[in-house]
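One structure is given below, encoded as structure tokens.
The values are calculated or read from the model by the stated rules, or taken from the named source; none is laboratory data. Please read all numbers here as calculations on a predicted model, not as lab measurements. Virtual Cβ from ideal backbone geometry, glycine too; neighbours counted across all protein chains shown.
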């Protein structure tokens, strides 16, 4: 069982490395866009238009589809011969692909209605921006078709324990957007439209680059459209409650965006940039781990190995706490310098920095609950249980909406971000209770609490030292500010790593062993 846990963490480390490359390129993309658009109404228009298909993509493809396909396909590869399993994968790709094309076209035609529901106040406050938002939404909606096909390819490859290249595919999107922005965006009268074409091109590339690897694994792309395959229909039946469940979580983002546009100019953009910073740490480990862990959890469920499943769950949650808690503490301690160094350029002014810092702090408070909930959702998916995440998502949506409406008055965009963190606690608690009642799976709170407390103390100490060091170092021009920030972050990482090693955290020993093997070239 320990070897199984180590294998998962090794895969997670590899995926995290690829994700790091993608996230760093994502930062380059966000900095270029920050300089190009700032936190203006024009930036809000682009991010509203981009948010809509991106949100649909998350709960239709990466959410419900992946959660439904991976357990069923993993089960097929375990129980059936490879030829039959690959036929199933091919049939699902074609059936889902046809649905995606139709969905993309319908979404483009419905753009005026969608934007009216999402950004109704723009029609009065900034009519030209409102018209632009409708145009960009119609243009960008087919992105969901392209990126969802990429997600199908990713899910199939994950079932074959292939994780590295799928985790790297967002890098191609980021590079493409940056190229479009630099080569054409800065010279265009309408840079937001140039960026939209960059998004579409990047989405196509994300799918295409995975095709050679799918062929290498044994998949053919001969047409195989049929609705008579029981397994294909089973995935779609699982997707229905999955879409509702994931949709509840993603509706939180859409509701947050809709409320933010009521706060005033720049609120939507500020929430976007703040969320991107937390996603760097969150996606680097939590999303990577949840991607790797699902096939393993599904195999444990298929084999009826409940102790093995609970062991993987415990290892996953302890890994999340070990990595995400100090990351959250670091962001809380250095939120101002982080935003200033990462985004202060061009049209992203000091006012934009001030507007973004508050939401970043609020989002950072919810990083650990959201990461833990992501792991618990994967345990539900491994049981092919989509209803528990559905009700958890609905409960968190209600709490988020009520909290955001209450907090946005006195706190603006920061209140909306804080409401997201509050709803994360509700989501995680509901999932933990649901897993215990429905599947008899216990979240090992007793074993995790002492470890979490020690990690919390170490993280607070690390954050305080990093903050003090950053404040003590010189400031001035941007490269001096960047140097001071990176020194503070580096010192924080070293302090935390040494403390974790001295306190003998198992995760510290494991990651240390991996690092030593990499340095030795093994």
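For this structure, a couple of remarks:
- Among the candidates 450, 474, residue that is assigned to a loop (DSSP other than H, G, I, E, B), in the same structural domain as residue 385 (by TED's automatic domain parsing) and loosely packed, with under 15 Cβ neighbours inside 10 Å: 474
- A search for C-beta distances below 6 Å between a residue of the stretch 237-260 that is under 12 Å from residue 67 (Cα atoms) and any residue that is modelled with pLDDT of 80 or more and in a helix (DSSP H, G or I), counting only pairs 6+ apart in sequence or on different chains, returns 241/387; 241/390; 245/389; 245/390; 245/393.
- Scanning the stretch 428-441 for residues that are under 16 Å from residue 374 (Cα atoms) and assigned to a loop (DSSP other than H, G, I, E, B) gives a single hit, 441.
- Boolean, residue 382 is modelled with pLDDT under 85, buried (at least 23 other Cβ atoms within 10 Å of the Cβ) and more than 30 Å from residue 268 (Cβ to Cβ): yes
- Of all residues in the stretch 426-438 being surrounded by 17 or more Cβ atoms within 10 Å (Cβ to Cβ) and touching a helix residue (DSSP H, G or I) at 6+ places or on another chain (Cβ under 8 Å), the one that is nearest to residue 497 (Cα to Cα): 428
- Matching entry among 183, 208, 199, 232 (being touching a helix residue (DSSP H, G or I) at 6+ places or on another chain (Cβ under 8 Å) and either modelled with pLDDT of 90 or more or farther than 18 Å from residue 149 by Cβ (or both)): 199
- So residue 435, is it modelled with pLDDT under 90 and either closer than 30 Å to residue 390 by Cβ or in contact with a strand residue (DSSP E or B) (Cβ under 9 Å, 6 or more places away or on another chain) (or both): yes
- Filter pass, residue 55 being in contact (Cβ under 8 Å) with a residue 24 or more places away in the chain, closer than 21 Å to residue 253 by Cα and in contact with a strand residue (DSSP E or B) (Cβ under 9 Å, 6 or more places away or on another chain): no
- Filtering the stretch 129-156 to residues that are more than 18 Å from residue 100 (Cβ to Cβ) and modelled with pLDDT of 85 or more leaves 130, 131, 132, 133, 134, 135, 136.
- Restricted to the stretch 311-424, the set of helices (runs of 4 or more DSSP H) holding at least 1 residues that are out of contact with any strand residue (DSSP E or B) (no Cβ under 9 Å at 6 or more places or on another chain) and closer than 22 Å to residue 444 by Cα comprises 367-382, 387-411.
- Screening the stretch 166-175 for residues that are crowded, with 22+ Cβ neighbours inside 10 Å and under 18 Å from residue 216 (Cα atoms) and picking the one that is nearest to the chain's Cα centre (by Cα) gives 167.
- Filter result for residue 398 (within 30 Å of residue 235 (Cα to Cα), at pLDDT 90 or above and over 21 Å from the mean Cα position of the chain (by Cα)): yes
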